[in-house]
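The values are calculated or read from the model by the stated rules, or taken from the named source; none is laboratory data. A quick note: this is a predicted structure, and the numbers were derived from the prediction, not measured. Here the Cβ is made from the backbone with ideal geometry for all residues, glycine too, and neighbour counts use every protein chain on show. SASA here: full protein model, heavy atoms, side chains in, ligands and nucleic acids out. Shrake-Rupley method; radii C 1.70, N 1.55, O 1.52, S 1.80 Å.
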Amino acid sequence: MDNGATMHLAVSLFPGAADASPEAEPEFDRLARLVQNAEAAGLDMVVIADAAPASDGEAARQVPFEATTLLAALATVTSRIGLVAAASTVAHQPYNLARRFASLDIISHGRSGWNATMKQAPREAANFSRPDGFSGDDFRRRAEEYIGIVQGLWQGWDADALLFDKKGGRFHMPERMHLLDHKGEFFSVRGPLNIARSPQDTPVLVLSGLSEPDMDVAARTADVILLDYGPVETTKDLKRRVVARGRDLDAVKVLMNVALAADDKPAAIAERLAERFQTKHCDGFNILMPEQPSALDAFVDLVLPELRRHGLFRERYRGTTLRSHLGLHGGGDQ
């Protein structure tokens, strides 16, 4: 995986998890500082969580920012790190979501990604004209159709389709623009997007919340898969499915979710990550941040040097796009 040499590292951030006292640092300033620190450390990407409020007032915690809006703001205070935002397939129409992430990819110069979950949030649909929600099977089929639409819209323009020829009066080459013209079980979308092609070909698709029936969808569509830690056979099976669907083995990066324990010693954490990586459990890790902002500083200052000392994590970014960081096709500057 990635030539067996370099692990990929992401960090998941949960807006609203910090100290809410009047003396606390403003939330956006705190998040911006965390992301800038992660960028200075050379991490591949940050994953920004999001949640629509529950319909019965049981929201677990206040989420002060909608994730894609936050991503746009963070893009203006960073220059290299990948920025991935969660966005629900229930709360957004596929055309609008595809357009939003295409815009974010241009704003960030090719650093954006969409985290789509295959797990239905309890009672979320009640806020979007579906008081009874979806059955598990309907949600899965709907999410699969949704993802296909978004990816199809992102690929609606060939790389050289837009001319912007003011003198000749030609905006684009019609033969290099492809109508999606999708008519499916849940959605009808004509396309195309009215936004130029992404600087990194398409934004990165990150899938999470997978159950066994979702594995084929992930193998066919995902660029990155976030998995809870499990048997190595799970990753091997995913990679086999990727190849069986005609994709390159390294077309999908599998990152294991890892929660940091506050009392672990840095050397022990590095050793645990190295062991999992070297036994081919995954292509890297998604660090689930605890509420204490200092946890990221400790990981960057104490754990990363250990990983680099063993030659497991790169010293600098490969390029400027998220795909180039991850070693994925279409990076634009690999």
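Points to keep in mind about this one:
- Check on Val254, assigned to a helix (DSSP H, G or I), among the β-branched types (Val, Ile, Thr) and either in contact with a His (Cβ under 9 Å, 6 or more places away or on another chain) or open to solvent by less than 60 Å² (accessible area, probe 1.4 Å) (or both): no
So that you can scan it fast, the table gives a plain yes or no per residue for (1) at pLDDT below 95; (2) open to solvent by 70 Å² or more (accessible area, probe 1.4 Å); (3) closer than 19 Å to Leu207 by Cα:
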position	(1), (2), (3)
Glu39	no, no, no
Asp56	yes, yes, no
Ala59	yes, no, no
Val77	no, no, no
Leu97	no, no, yes
Ser103	no, no, no
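- Filter pass, Leu205 being buried (at least 17 other Cβ atoms within 10 Å of the Cβ), assigned to a helix (DSSP H, G or I) and touching a helix residue (DSSP H, G or I) at 6+ places or on another chain (Cβ under 7 Å): no
- Among the residues making up segment 278-298, a single one is open to solvent by 10 Å² or more (accessible area, probe 1.4 Å), touching a residue at least 60 places away in the same chain (Cβ under 8 Å) and part of a helix (DSSP H, G or I): Asp297.
- Scanning segment 208-246 for residues that are open to solvent by less than 50 Å² (accessible area, probe 1.4 Å), part of a loop (DSSP other than H, G, I, E, B) and in contact with a helix residue (DSSP H, G or I) (Cβ under 8 Å, 6 or more places away or on another chain) returns Leu210, Asp223.
- Qualifying residues in segment 300-329 (those that are basic (Lys, Arg) and open to solvent by 30 Å² or more (accessible area, probe 1.4 Å)) - the one nearest to Phe285 (Cα to Cα): Arg308
- Selection from segment 118-150 of residues that are of a type in the set (S, T, N, Q) and surrounded by fewer than 20 Cβ atoms within 10 Å (Cβ to Cβ): Asn127, Ser129, Ser135
- Checked against (1) under 19 Å from Gln155 (Cα atoms); (2) surrounded by fewer than 24 Cβ atoms within 10 Å (Cβ to Cβ), Ala91 passes all but a single condition, namely (1).
- Any hit, segment 295-312, residues being on the phi > 0 side of the Ramachandran plot and of a type outside the set (S, T, N, Q): yes
- Residue ranges of helices (runs of 4 or more DSSP H) in segment 63-163 with at least 2 members charged (D, E, K, R): 94-107, 136-154
- In segment 254-313, the residues that are over 23 Å from Leu31 (Cβ atoms) and acidic (Asp, Glu): Asp263, Asp264, Glu271, Glu275, Asp283, Glu306
- Within segment 308-334, residues that are modelled with pLDDT of 90 or more have Cβ atoms under 6 Å from residues that are surrounded by fewer than 18 Cβ atoms within 10 Å (Cβ to Cβ) and of a type in the set (Asp, Glu) in these pairs: Gly319/Asp333; Thr320/Asp333; Ser324/Asp333; Gly327/Asp2, counting only partners at least 6 apart in sequence or on another chain.
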